[in-house]
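All of the numbers you see were taken from the coordinates with simple rules; none came from a lab. Because the structure is a prediction, the values reported are computed rather than measured. Cβ sites come from the backbone with ideal geometry, for glycine too, and all protein chains shown count toward neighbours.
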Amino acid sequence: MKKGPRFFIAIIGLGIAFPFLTLLLFSFMKGWFFPSISPTTWTLDYWIQLFQVEGELLQTSLTSILISIFVAFVSTLLGFFLGKWMATHPWRKWWLLLAYFPFVLSPVILAAGIQFFFIKFGLSGNFLGVLIAQLLIALPYAIIIYNGFWSPSMLDREKLARTLGGTAWQAFWRVSIPLSSGVILVVFFQTFLISWFEYGLTRLIGLGKVKTLTIQVFQFVTETNIFLAALSGVLLVVPPLILLWVNKRFVINQWI
Amino acid sequence: MLEVKNIEKSFEKESVLEQVNFQLEENQVLSVLGRSGSGKTTLLKIIAGLERESGGEIIWKGQTLNDLPPNARKIVYLYQEALLFPHLNVFENVAFGLRLKHENEKVVKEKVGAMLEALGLGEHENKMTHQLSGGQKQRVSFGRALVISPPVLLLDEPFGALDGETRKQMQDLFFKMKEQFNMTALFVTHDIKEAIIIGDKLGHMQNGRIKLYEDLAQFLLDPATEAQRELKFWEGVKADLDNYPSKDS
């Protein structure tokens, strides 16, 4: 590669990494007071606190991971079969329109609209309520992505496998699953990220009782606790970075 | 013998097939000519078990197939598109049906190898499907169907998406394979010439009804097939060509 493009790539890379590096730096600071041009006190306290079992941030991180994995898993699985069901349904267009509906509204407005029902069914302010609320946006998203996968030719391939002597299970296992592995991974990653960064719905339905990392970051920011907010921010970025790497390693490379 | 008795199919209030009756003898190819929307594809899908009929019976060697799932009927349906499995190479695509039956590896290698040779695809066995031309894909599709020796093959305009030259090559290949594998097949097309080349027996479908012909002359003389119009067109072209002044004159 010539020097010119390499230099620009380095600049772009630095630009992308800069916010993350800043957060990382802030997570090791304790004080930075005017007019000092560099931080006055450095500390490992926040990171040590993080790994303490009773630490709030660790609990919040685990809650977030649990919620996001559950939401991603259910959306990916249900979306796969609902997408297939929709693909052969005469009302396909209407179902698809319905799937777009949660994205027409902002999550906060959606939450305001459904909050009454969540209160009525005792789902407000608890873990299950947050899971269901997040599924209301993650599942339609999964269905929209799968809609492109369940094309007529994909369905015909499954049928062809049946006429070649395959049972419904064999057609599913030997044709649908291998052909859908890429889209399944993409849906899982995307719905994980939707759940991971979800704020409005989780805030309104969880009523602050269910704390996710995203909510925690906002809380630290509003409390002007920038160093803890930075640490939470770092934690918030780690799973997407891992997913990005996995995506590049196993999904993108698979199709190139 | 495959017997199709009084098959009917309606989608809501729209009738697609009406009282379809015919018999297909073993080792015989029936070409069915018909325009788009005449009900050809629906008929094939019903025979293959991919679509449920509204009424009537499908019988193979005295056994009613109506309630059997597609895999139990052992009738292979070939689409217009080759619909190869992109995650498998050429060898594994052809071997697909044998793998479903859990055939042992030696048998798979022998049968698939012989099939690939017969199709002229021996040197392409390790290629992935996106590396093949349209004609090669269609040949792999044929091989994938024939290797499991299906009692009946249903072909839904299999050469429809190919260019003229490749189509001609595939028709020749089909003819060769028909002889070699004693094929029993129902071949639907909207191309008169193709129907005549391929079929031992000829039929025509229109508005959900099928008509079978005793011989080629009957088929050509029936105004419904539009064979006369086609013949007139080519006779006109030939007359123009005969009257064309040669360079010497």
Give me a count of the residues in region A:60-81 that are over 23 Å from A:F149 (Cβ atoms) and either buried (at least 23 other Cβ atoms within 10 Å of the Cβ) or in contact (Cβ under 8 Å) with a residue 60 or more places away in the chain (or both).
6
Which one of the conditions (1) crowded, with 19+ Cβ neighbours inside 10 Å; (2) under 27 Å from A:V71 (Cβ atoms); (3) without any contact (Cβ under 8 Å) to a residue 60 or more places away in the chain; (4) within 11 Å of another protein chain (Cβ to nearest Cβ) does A:P178 fail to meet, given that it meets all the rest?
(1)
Would you be able to tell me the number of residues in region B:41-59 that are farther than 21 Å from B:T189 by Cα and buried (at least 20 other Cβ atoms within 10 Å of the Cβ)?
2
Scope region A:159-175; condition farther than 19 Å from B:L155 by Cβ and either among the charged types (D, E, K, R) or more than 7 Å from chain B (Cβ to nearest Cβ) (or both); matching residues
A:A168, A:W169, A:A171, A:F172, A:W173, A:R174
From the list A:G129, A:G122, A:G165, which one is buried (at least 21 other Cβ atoms within 10 Å of the Cβ), at positive phi and not acidic (D, E)?
A:G165
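Which members of region A:181-197 meet the condition of being over 10 Å from the mean Cα position of the chain (by Cα) and more than 11 Å from chain B (Cβ to nearest Cβ)?
A:V183, A:I184, A:L185, A:V186
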Hey, among the residues in region B:90-120 that are surrounded by fewer than 18 Cβ atoms within 10 Å (Cβ to Cβ) and not in a helix (DSSP H, G or I), which one's nearest to the other protein chains (Cβ to nearest Cβ)?
B:K101
Conditions (1) surrounded by 14 or more Cβ atoms within 10 Å (Cβ to Cβ); (2) over 22 Å from B:K168 (Cβ atoms) -> B:Q131 fails only (1)
Which condition number in (1) among the small types (G, A, S); (2) in contact (Cβ under 8 Å) with a residue 40 or more places away in the chain; (3) closer than 22 Å to B:E165 by Cα is the one that B:A95 fails?
(3)
So which residues in region B:18-75 are within 14 Å of chain A (Cβ to nearest Cβ) and more than 28 Å from B:F174 (Cα to Cα), if there are any at all?
B:R52, B:L68
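Is at least one residue of region B:28-43 without any contact (Cβ under 8 Å) to a residue 24 or more places away in the chain, over 26 Å from A:T167 (Cα atoms) and of a type outside the set (S, T, N, Q)?
Looking through region B:28-43, at least one residue is without any contact (Cβ under 8 Å) to a residue 24 or more places away in the chain, over 26 Å from A:T167 (Cα atoms) and of a type outside the set (S, T, N, Q).
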All but one of (1) within 19 Å of the chain's Cα centre (by Cα); (2) within 10 Å of B:G34 (Cα to Cα) hold for B:E194, so report the exception by its number.
(2)
Looking at region B:143-152, which of its residues are within 13 Å of B:F187 (Cβ to Cβ) and either at the interface with chain A (Cβ under 9 Å from one of its Cβ atoms) or buried (at least 24 other Cβ atoms within 10 Å of the Cβ) (or both)?
B:A145
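Per-residue answers, yes or no, for (1) in contact with a Leu (Cβ under 8 Å, 6 or more places away or on another chain); (2) closer than 21 Å to A:P239 by Cα:
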{"position": "A:I132", "(1), (2)": "yes, no"}
{"position": "A:I144", "(1), (2)": "yes, no"}
{"position": "A:L155", "(1), (2)": "no, no"}
{"position": "A:V183", "(1), (2)": "no, yes"}
{"position": "A:V187", "(1), (2)": "no, yes"}
{"position": "A:N225", "(1), (2)": "no, no"}
Exactly one of A:W95, A:W150 is more than 26 Å from B:A82 (Cβ to Cβ) and of a type outside the set (V, I, T), and that one is A:W95
If I filter region A:122-131 for residues that are free of Cβ contacts under 8 Å to residues at least 12 places away in the same chain and of a type outside the set (A, V, I, L, M, F, W, C), do I get at least one hit?
yes
